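A quick write-up on the structure given underneath.
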């Protein structure tokens, strides 16, 4: 494949290479239209299932490509990350495979299932504060004191480029004119958007945030980083309070719109996907479907979305789905 680059931090050539070098467990995930779900929504919707892998999320793509690209440069260094859970699981998985030391910082309120899985994969998980961004700040302090390397989701270009392979795969089923992508730290949206805008520029790329965690939406609209003092949403995977500046910049030219969805719509979308498609999805992973429920103008489009995570505790399943 010949790649013609236009100026952007995320490289099309790197996304194309990632599609062949990241672990096969994370590539070529199923994508299809679920007829009962489309009928319930009143719009054709292509689903991309990023939940059918050992991590139950898309994060393995970016973590694996990051270490593939940076292993030589980082040899002998301890890696550190901060996470709501899925990013830490991905880093734990790829670091275990390479026998690489990893320290993970989480808020004390982090999903217990995700914390358990990170520890089971050998990560040194440290709980700090009830606030994720405070835990991230503590991770940075640890790195400064110990010479470790902080790996920030949304900051490292290779993480977004790994996630961009989802856009490459989506265009193999070119039945959609609008793609709805959950927007947290931005790696998923900017990676997908970078590839799609280069290869199918007429497709609208729309990010979706929770109303109670709108910092990335506000930052994109104003063209500068907008912090929030707090977040309030069940969608912990996209509950961003302090955006990563590089990720906000990456959205320029790759994102057409950012929509907000309510907590009620998120819960309704989880139940609808479970009942209509038989797929269990966590709140952050289903906000694309929530957007169709809450923004009826989308139903005149041919849609696609990424169901990007399914790590729910038994209590959460009972609370939201049963």
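Which residue is surrounded by the most Cβ atoms within 10 Å (Cβ to Cβ), if the candidates are limited to segment 33-47 and must be under 21 Å from residue 192 (Cα atoms) and either at pLDDT below 95 or out of contact with any helix residue (DSSP H, G or I) (no Cβ under 6 Å at 6 or more places or on another chain) (or both)?
Among residues in segment 33-47 that are under 21 Å from residue 192 (Cα atoms) and either at pLDDT below 95 or out of contact with any helix residue (DSSP H, G or I) (no Cβ under 6 Å at 6 or more places or on another chain) (or both), the one surrounded by the most Cβ atoms within 10 Å (Cβ to Cβ) is 47.
Please go through segment 8-32 and pick out each residue that is in a loop (DSSP other than H, G, I, E, B) and within 14 Å of residue 193 (Cα to Cα).
8, 9, 10, 11
Just to verify a result, which residue in segment 122-175, among those that are part of a strand (DSSP E or B) and in contact (Cβ under 8 Å) with a residue 40 or more places away in the chain, is surrounded by the fewest Cβ atoms within 10 Å (Cβ to Cβ)?
Among those residues, the one meeting the criterion is 149.
Sort out which residues of segment 89-109 are assigned to a helix (DSSP H, G or I) and either modelled with pLDDT under 95 or crowded, with 24+ Cβ neighbours inside 10 Å (or both), and write them in order of number.
Scanning segment 89-109 gives 89, 90, 91, 92, 93, 94.
Under 6 Å between Cβ atoms, at least 6 apart or on separate chains: pull out the pairs that start in segment 98-112 with a residue that is touching a residue at least 40 places away in the same chain (Cβ under 8 Å) and end on any residue that is crowded, with 22+ Cβ neighbours inside 10 Å and in a strand (DSSP E or B).
103/80
Condition check ((1) over 20 Å from the mean Cα position of the chain (by Cα); (2) outside the structural domain of residue 291 (by TED's automatic domain parsing)) across all residues:
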residue: 89; (1), (2): no, yes
residue: 94; (1), (2): no, yes
residue: 101; (1), (2): yes, yes
residue: 128; (1), (2): yes, yes
residue: 144; (1), (2): yes, yes
residue: 158; (1), (2): no, yes
residue: 168; (1), (2): no, no
residue: 180; (1), (2): no, no
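Within segment 276-291, restricting attention to residues that are in a helix (DSSP H, G or I) and over 20 Å from residue 239 (Cβ atoms), which residue is nearest to the chain's Cα centre (by Cα)?
277
Which condition number in (1) within 28 Å of residue 303 (Cβ to Cβ); (2) modelled with pLDDT of 95 or more is the one that residue 8 fails?
So residue 8 meets the others, but not (2).
Just give me the residues in segment 213-227 being surrounded by 19 or more Cβ atoms within 10 Å (Cβ to Cβ) and either more than 19 Å from residue 86 (Cβ to Cβ) or touching a residue at least 60 places away in the same chain (Cβ under 8 Å) (or both), in sequence order.
Listed by number, the residues that qualify are 214, 217, 219, 220.
Examine segment 79-88 for a residue that is surrounded by fewer than 20 Cβ atoms within 10 Å (Cβ to Cβ), in contact (Cβ under 8 Å) with a residue 24 or more places away in the chain and over 19 Å from residue 235 (Cβ atoms), and state whether such a residue exists.
For segment 79-88, residues surrounded by fewer than 20 Cβ atoms within 10 Å (Cβ to Cβ), in contact (Cβ under 8 Å) with a residue 24 or more places away in the chain and over 19 Å from residue 235 (Cβ atoms): absent.
Quick check on residue 312: is it out of contact with any helix residue (DSSP H, G or I) (no Cβ under 6 Å at 6 or more places or on another chain), more than 29 Å from residue 203 (Cβ to Cβ) and at pLDDT below 95?
Against the criterion (out of contact with any helix residue (DSSP H, G or I) (no Cβ under 6 Å at 6 or more places or on another chain), more than 29 Å from residue 203 (Cβ to Cβ) and at pLDDT below 95), residue 312 does not qualify.
Has segment 66-77 got at least one residue that is in contact with a helix residue (DSSP H, G or I) (Cβ under 9 Å, 6 or more places away or on another chain) and within 12 Å of residue 121 (Cβ to Cβ)?
No.
The values are calculated or read from the model by the stated rules, or taken from the named source; none is laboratory data. Computed from a predicted structure; not experimentally measured. FYI the Cβ positions are ideal-geometry reconstructions off the backbone, even for glycines, and counts take in every protein chain you see.
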